[in-house]
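K.L.:
Just passing along the structure, written as structure tokens.
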There are 12 protein chains.
Amino acid sequence: MDDHVYKQVRLTGSSTQSSDDAVRRAIARAAETINHMRWFRVVETRGHIEHDKVQHWQVTIEVGFTLED
Amino acid sequence: MDDHVYKQVRLTGSSTQSSDDAVRRAIARAAETINHMRWFRVVETRGHIEHDKVQHWQVTIEVGFTLED
Amino acid sequence: MDDHVYKQVRLTGSSTQSSDDAVRRAIARAAETINHMRWFRVVETRGHIEHDKVQHWQVTIEVGFTLED
Amino acid sequence: MDDHVYKQVRLTGSSTQSSDDAVRRAIARAAETINHMRWFRVVETRGHIEHDKVQHWQVTIEVGFTLED
Amino acid sequence: MDDHVYKQVRLTGSSTQSSDDAVRRAIARAAETINHMRWFRVVETRGHIEHDKVQHWQVTIEVGFTLED
Amino acid sequence: MDDHVYKQVRLTGSSTQSSDDAVRRAIARAAETINHMRWFRVVETRGHIEHDKVQHWQVTIEVGFTLED
Amino acid sequence: MDDHVYKQVRLTGSSTQSSDDAVRRAIARAAETINHMRWFRVVETRGHIEHDKVQHWQVTIEVGFTLED
Amino acid sequence: MDDHVYKQVRLTGSSTQSSDDAVRRAIARAAETINHMRWFRVVETRGHIEHDKVQHWQVTIEVGFTLED
Amino acid sequence: MDDHVYKQVRLTGSSTQSSDDAVRRAIARAAETINHMRWFRVVETRGHIEHDKVQHWQVTIEVGFTLED
Amino acid sequence: MDDHVYKQVRLTGSSTQSSDDAVRRAIARAAETINHMRWFRVVETRGHIEHDKVQHWQVTIEVGFTLED
Amino acid sequence: MDDHVYKQVRLTGSSTQSSDDAVRRAIARAAETINHMRWFRVVETRGHIEHDKVQHWQVTIEVGFTLED
Amino acid sequence: MDDHVYKQVRLTGSSTQSSDDAVRRAIARAAETINHMRWFRVVETRGHIEHDKVQHWQVTIEVGFTLED
């Protein structure tokens, strides 16, 4: 990291595939409105169960992005 | 929850009535600018004391809302 | 507390009325199968939002009860 | 808050009525010996159960007060 | 979530394949005795190492299920 | 640990002798109804004071046991 | 604090001078887009090391500001 | 616990004998100035090492006592 | 540390200069009524913002002092 | 675990593939200098984002290994 | 403590006797390779259960030692 | 960060000047034996008090460094 100022937002992505995929989907969706994303940190991993199986993985991440001048 | 992506924001509401009311007021105010709010989680309950009595309850919540397509 | 052994279970009660009422409802429901409940501790307070209002308060508690001889 | 020095004490109030009332009672009792209380923060919410009902709410708060010159 | 009362239990699943698979196996095993499972939350991810490789992923989850009437 | 699925329960044991003894008593009592206990983790150590002395040590543990096939 | 509703954002400022200066720079940058900032809380203090010296202090803060009517 | 208001203080006791003994000594010393002590909770267990041996166990506890009328 | 019993109190100092100075001012003020202070630990660093600048640093510390015989 | 003494070290592995793979790579690299590794625990999962995609998963683990005689 | 620089390592000792003894054994073993140990802090207390009894106490400590010039 | 594997160590530096200076001194001392240090994170800020003044700032940091091939 250099001398920029970063802002952080919390997002929850979900996926029927895997916990990693839930992270990727949260970032892909965030990219529609946030520029200059630099890193993420996993805050919580949860999921929804239906008929005794994991139906959705739901992963909450904190995403840091640069406030550009 | 389904396969949406959620964003979370932290808000602090205050009320002279009760801790629950401080939550309701934070959500009511947030509704002016945020759509599709789905859930909240209480992060901290504080208050302001004047003349030996609780003057304001101040409750910080994390509110999750759907990022719509 | 005396020299009994206690067991603890986690329950989440919900209420349209208040956060306190969600606790009372969790305990009332637990009383159908658990005897000798002695104390509870609030672990988390959340809620469900619909149409910009708190629809349900959802409070998770840890309930301690005596293992009787 | 201004440039005073604050001291904080931990108190547990109890009430048969509600969790908010337990906070109010802790502050009312503390007012007998502490001046210049300014704020509180809820540290823990517990309770005592008898006959399958909440008998007492027991709320622990941290109270901040000004050390006056 | 609606107005049910939920109970939560802690389970640790293990897998030689992946951390996600350890979660799935814990839920599959729990399904033999627990009905109406609704969600899970990952509490801890550990593993066993043998001959310098991950031999088992061991993931502890908290599973919430509805107490049916 | 091997590829079993474990369940965990929280218990509080008490003893007039020592904190370690409170753990042993919780496990001894649990053995009446739980088979295949494998490990424990201390969650909290508290105690009851009477006449300015520790009357009971009260130790809360999380006990893991194998769900057998 | 009075009866306003506050929103909180997380920012990371950096400085080659000091940890305090990293806080000041995060607030100065945030002032370009956020009005009515009222308080901050330090969440994490980190830094970047180059050639065995602290090159940047990086301090993450939570900033609270009033949602004005 | 009944409907009293409790105050809590943090104390660190030390002992060359054992961690439990450090707790007992903190309570014995506190009894010189505090009446009506009811319970304690262990906050931290540390120790001082000299010549590769534990010289003192140092245990920090939170002690709750009744504010009498 | 030797075999004394220590008591700990929480104080919040404030300073317009720096976070370190807020610690020093809390200790200086505490010295008017507390003898034998031995150590402190920073619990929280906050601040008050006015006109987009840090107006006061507010640092909460836990101060340990010896209970003398 | 038996009666050995274990030492624990913190390592951060990274991978362009998955979070699990980052754990495996940290352990593989550690095996060059550490013998008798027995278990790991995930401490934090982060990642680096470039061009709106996860470029590296970065997982910090605590690895326990036996101090052999 | 004076103006030295300290390094900290995490160790887990085990004992069939008591939790305190597990600490002592971790320190005794560490003394074979670490000089100038000064203090420890208990991080976690666990244990292994066999035949419904505590077979080993396993205590993880953080040990601080002086980096000598 | 790139695809290296990092190791982390905990160090406590002390300084009579400031908390930031205690960090710098820990890093300067560590540089005598550790190469390729990349970042640090503040874990705890404490201090020693003598004659009612801060005599030493003692800051514990976690330092990450690259394991080079």
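The values are calculated or read from the model by the stated rules, or taken from the named source; none is laboratory data. Since the structure is predicted, the reported quantities are computational estimates derived from the model, not experimental observations. Every residue, glycine among them, receives a Cβ derived from its backbone with ideal geometry; neighbour counts consider all protein chains shown. The protein model used for the area step is the full one, side chains on, heavy atoms only, and it has no ligands, DNA or RNA in it. Shrake-Rupley method; radii C 1.70, N 1.55, O 1.52, S 1.80 Å.
K.L.:
Report, by residue number, each residue of region D:44-57 that is more than 10 Å from residue C:40 (Cα to Cα) and within 13 Å of the chain's Cα centre (by Cα).
P.N.:
Answer for region D:44-57, where residues must be more than 10 Å from residue C:40 (Cα to Cα) and within 13 Å of the chain's Cα centre (by Cα): just D:44.
K.L.:
Residue A:45 fails exactly one of the following numbered conditions: (1) touching a strand residue (DSSP E or B) at 6+ places or on another chain (Cβ under 6 Å); (2) free of Cβ contacts under 8 Å to residues at least 24 places away in the same chain. What is the number of that condition?
P.N.:
(2)
K.L.:
Out of all the residues in region F:31-49, is one or more hydroxyl-bearing (Ser, Thr, Tyr) and out of contact with any Asp or Glu (no Cβ under 8 Å at 6 or more places or on another chain)?
P.N.:
Yes, region F:31-49 contains at least one residue that is hydroxyl-bearing (Ser, Thr, Tyr) and out of contact with any Asp or Glu (no Cβ under 8 Å at 6 or more places or on another chain).
K.L.:
If you scan region E:26-51, which residues turn out to be open to solvent by less than 20 Å² (accessible area, probe 1.4 Å) and either within 30 Å of residue J:35 (Cβ to Cβ) or of a type in the set (Gly, Ala, Ser) (or both)?
P.N.:
E:26, E:30, E:47, E:49
K.L.:
Could you tell me whether residue A:65 is at the interface with chain J (Cβ under 9 Å from one of its Cβ atoms), assigned to a strand (DSSP E or B), buried (at least 22 other Cβ atoms within 10 Å of the Cβ) and not β-branched (Val, Ile, Thr)?
P.N.:
no
K.L.:
Scan region E:4-33 for residues that are of a type in the set (Lys, Arg) and farther than 17 Å from residue E:44 by Cβ and jot them down.
P.N.:
E:7, E:29
K.L.:
Checking the conditions here, which among C:8, C:55 is touching a Gly at 6+ places or on another chain (Cβ under 9 Å), within 28 Å of residue F:64 (Cα to Cα) and modelled with pLDDT of 95 or more?
P.N.:
After applying the criteria, what remains is C:8.
K.L.:
Given (1) open to solvent by less than 60 Å² (accessible area, probe 1.4 Å); (2) over 30 Å from residue F:22 (Cα atoms), where does residue C:23 come up short, assuming only one miss?
P.N.:
(2)
K.L.:
Next question. Would you be able to say whether some residue in region J:30-43 is within 12 Å of chain A (Cβ to nearest Cβ), within 13 Å of the chain's Cα centre (by Cα) and either not charged (D, E, K, R) or not in a loop (DSSP other than H, G, I, E, B) (or both)?
P.N.:
Checking region J:30-43: at least one residue is within 12 Å of chain A (Cβ to nearest Cβ), within 13 Å of the chain's Cα centre (by Cα) and either not charged (D, E, K, R) or not in a loop (DSSP other than H, G, I, E, B) (or both).
K.L.:
Has region C:9-20 got any residue that is free of Cβ contacts under 8 Å to residues at least 40 places away in the same chain and crowded, with 20+ Cβ neighbours inside 10 Å?
P.N.:
Yes, the conditions are met somewhere in region C:9-20.
K.L.:
Same structure, new question: Scan region I:44-61 for residues that are more than 12 Å from chain L (Cβ to nearest Cβ) and among the β-branched types (Val, Ile, Thr) and jot them down.
P.N.:
I:49, I:54
K.L.:
For region A:3-28, give me each residue that is outside any helix (DSSP H, G or I) and either more than 16 Å from residue B:7 (Cα to Cα) or more than 14 Å from chain G (Cβ to nearest Cβ) (or both).
P.N.:
Within region A:3-28, A:3, A:4, A:5, A:6, A:12, A:13, A:14, A:15, A:16, A:17, A:18 qualify.
K.L.:
Now a separate question. Against the condition assigned to a strand (DSSP E or B) and surrounded by fewer than 18 Cβ atoms within 10 Å (Cβ to Cβ), how does residue J:54 come out, does it pass?
P.N.:
no
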